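The next block holds one structure in the form of structure tokens; read it before the comments.
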Amino acid sequence: ARLLFMYIIYVYLFMYILPIVVKAFEMEITPANRIVAQVGETVVLTCNTTGCASPSFSWRIQTDNPLGGTVTYHGTHSTLTMSAVNIENAHDYLCTVCCEHEKKEKSFKIEVYSFPSDPVIEISTSLAAGEQATVTCKIPDVYPSDRLEVLLKKEDHILHEQNFYEDHSTNAETKTVTYSFNPTTEDIGKEISCVAKLPIDDMDFEPKERVTSQKLNANFGPKNTIIIASPSNSAMEGDSLNLTCVTESNPPPQIVWRRQVADKIVQCASENNVLAIPQAHFTDSGLYICEVANLLTSKTEKATVEIVIQAPPKNTTLSVFPSNAVKQGERVAISCTSIGVPAVQITLRKKIGDVMTTLETQDGKYTIERVLLKDAGTYECVSSNELGEESQHIVLDVKVPPQNITVLVHPSETIKEGENVTITCSTYSNPPSQMILKKVHPEKEIILSSVNGTFILYNVTKSDTGTYLLDVFNEVGNNIKMIEIAVVGRVENPDQMMLMIIAFSCVTAIAVPVVAILIYVSRKAKINGSYSLVKALRLKV
């Protein structure tokens, strides 16, 4: 048991106590003793210690310049952070660590460069054969510039070479290289390259070479401008159509589409070289103009194409002037219009019963100098082409005032009292006429209405004698006829008179004896105080 206890103590001392006592005080700097950083980058330096429980740290630049960073402490290590390195941070730095009575120091170096982006090529003027052009190459924010080398090349041929070995700028600056030359037509399309190098062998960074290339272009045109219609410049209504304006120009020109509508030129809603006409309408037919303009050469050119959109007849209209309801004798113009592609053929017809009569027209117009009632009826316009037909119809109404009035009086204009008089009127008009019979009277006007053009006077008397006015009228005019009616007294029949005389005689022969008897009886009654018709009769007998 004693041996086991001694063994455990030995192992504990060997593993935990002795290492602490033996481990020495040390320090190190990470990431390295020499750092290469580009301007603007963030750099974090860490000073680590071992073998010391409570070290104290200090940072400084050996030239006593400001640190240019932020120091933080974390027990056994400390950090120096530079959030945006600049050229002033290119120094030798020193980290000092003290542990009780022991002190250790280590130095490190920060080297700074700037080579952030590719060169920029500018050509001062437009290139044209025989005209001098200047190429400028700019290398932005480079440092150290005394190590900069620049090459200007055309394809693989070196045009110009320049270095800045004598430039001792202490700041990051943009360096410029220029070169002038006379391009030829063979140079168009070839590449001009600017190669910038910063070959610092003892500084480890990438890239150390940057290249920018640009093709040589000559400004020209526009020329050889044409319009291509796809699928063709003749399409069916409802199809899609694309017009493409093709031209030769450098730089690409501005393109404006226009269309000729009647006598006007209107601009189309398209700003590129393709004018799309989806679901073409026959009204899209016409002359299309593509106008191209090169702002650098100040030249313009135009191209045109005639577009035909085929469609069956449309918008067929049939009209009558002055209107479709006119008075007889007026001048009437019947006009039919329609549009379609191919051109439409217009036929004007008049319907008479079940028969259609074709009328001779001039440009779809038919004129009646003095319209008559026989011209009234249905007119039809048929517009047709090889793709179809369309028709319209209209009814012409010719209004005629009352004409050819005929008046019949039955039995005659001179009649006897007690008879009936029938007055019948017929006329020719459109619309049908109305009729009123008026008797001329000095005090009041007597008005009679007709029934289907017939008036009847029942049991006329002499008071019905007089002048009658027959007013025949419709909405376009009237006509008045005068009628004289004479009512005469009744003439008796001789045979009837004889019968009346005989009848009167008989009545008188009977009545006289009866009256005599009555008188006698009456008197007797007065004497006797009573009257008896029976007795009276007996006495008489």
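Quick one: compute a quarter of the convex hull surface over the Cα atoms of the chain and quote it in nm².
Averaged projected hull area, Cα only: 96.1 nm².
Carbon-plus-sulfur fraction of the accessible area of the stretch 26-113, 1.4 Å probe, in percent?
Here carbon and sulfur together make up 47 percent of the probe-accessible area.
When ligands, DNA and RNA are left out and all protein chains stay put, how many square angstrom of accessible area per residue does the chain have with a 1.4 Å probe?
61 Å²
First compute the accessible area of the stretch 120-216 with a 1.4 Å probe, then give the percent of it belonging to carbon and sulfur atoms.
Exposed carbon and sulfur together represent 41 percent of the surface.
Rounded to the nearest 10 degrees, what's the angle between the helix 2-12 long axis and the longest principal axis of the chain, both from Cα atoms, 0 to 90?
Relative to the chain, helix 2-12 is tipped by roughly 70 degrees.
Name all residues of the stretch 394-416 having a backbone nitrogen under 13 Å from the label point set 7 Å from the Cα of Leu359 along its Cα→Cβ direction, giving them as ranges.
394-398
Provide the FRET efficiency to the nearest 0.05 for the Lys302-Glu88 pair, computing r from the beta carbons and using R0 = 60 Å.
Between Lys302 and Glu88 the formula returns 0.40.
Starting from the Cα gyration tensor of the stretch 239-292, take the square roots of the eigenvalues, sort them a ≥ b ≥ c, and report rounded, prolate or oblate (rounded when a/c is under 1.5, otherwise prolate if a/b is larger than b/c, else oblate).
oblate
What net charge is computed for the residues neighbouring Gln310, neighbours being all others with C-beta under 12 Å from the C-beta of Gln310, Lys and Arg scored +1, Asp and Glu -1?
After counting each charged neighbour, the total is -3.
Ignoring everything but the protein chains, give the 1.4 Å probe accessible area of Tyr73 in square angstrom, nearest 10.
140 Å²
Please tell me the relative contact order of the chain in percent, rounded to the nearest whole number, where contacts are Cα pairs under 8 Å and at least six residues apart.
About 6 percent, as a whole number.
What lysines does Lys264 reach when the alpha-carbon gap must be under 28 Å and sequence neighbours fewer than 8 apart in one chain are set aside?
Lys223, Lys299, Lys302, Lys314, Lys365
Can you tell me the length gained on complete extension of the stretch Asn224 to Asn478, counting 0.36 nm per residue apart and subtracting the Cα distance?
Computed gain between Asn224 and Asn478 is 83.6 nm.
Could you give the nm distance between label points at Ser58 and Ile188, where each point is 7 Å from its Cα heading toward the beta carbon?
Distance between label points: 7.4 nm.
Sort Ile265, Ile61 by accessible area with a 1.4 Å probe, largest first.
Ile265, Ile61
Sort Arg370, Arg259 from largest to smallest accessible area, using a 1.4 Å probe on the heavy atoms of the protein chains.
Final ranking, largest accessible area leading: Arg370, Arg259.
What part of the accessible area of the stretch 277-411, given as a whole %, is carbon or sulfur when the probe is 1.4 angstrom?
After summing per-atom areas, the C and S share lands at 49 percent.
Sticking to Cα atoms, compute the Rg of the stretch 414-479 to one decimal and its Dmax as the biggest Cα-Cα distance, whole number, in Å.
13.2, 39
Can you return the aspartates and glutamates within cross-link range of Lys438? Criterion is Cα-Cα under 13 Å, with same-chain partners fewer than 8 residues away left out.
Correct list for Lys438: Asp464, Asp471, Glu484.
Work out how much length Thr176 to Glu445 would gain on full extension: take 0.36 nm times their residue separation and subtract the Cα-Cα distance, in nm to one decimal.
Length gained between Thr176 and Glu445: 84.9 nm.
Give the angle, between 0 and 90 degrees and rounded to the nearest 10, that separates the Cα long axis of helix 494-528 from the longest principal axis of the Cα atoms of the chain.
Its long axis makes an angle of about 70 degrees.
Hey, if you put +1 on the Cβ of every Lys and Arg and -1 on every Asp and Glu Cβ in the chain, which of Thr358, His410, Leu372 ends up farthest toward the positive end of that dipole?
The residue sitting farthest along the positive end of the dipole is His410.
Going Cα to Cα from Lys444, which lysines come in below 27 Å? Please leave out same-chain ones fewer than 8 positions away.
Lys416, Lys462, Lys481
The values are calculated or read from the model by the stated rules, or taken from the named source; none is laboratory data. Predicted, not measured: the structure shown is a model, and the values here were computed from it. All Cβ positions, even for glycine, are placed from backbone atoms using ideal geometry, and neighbour counts span all protein chains on display. The protein model used for the area step is the full one, side chains on, heavy atoms only, and it has no ligands, DNA or RNA in it. Shrake-Rupley method; radii C 1.70, N 1.55, O 1.52, S 1.80 Å.
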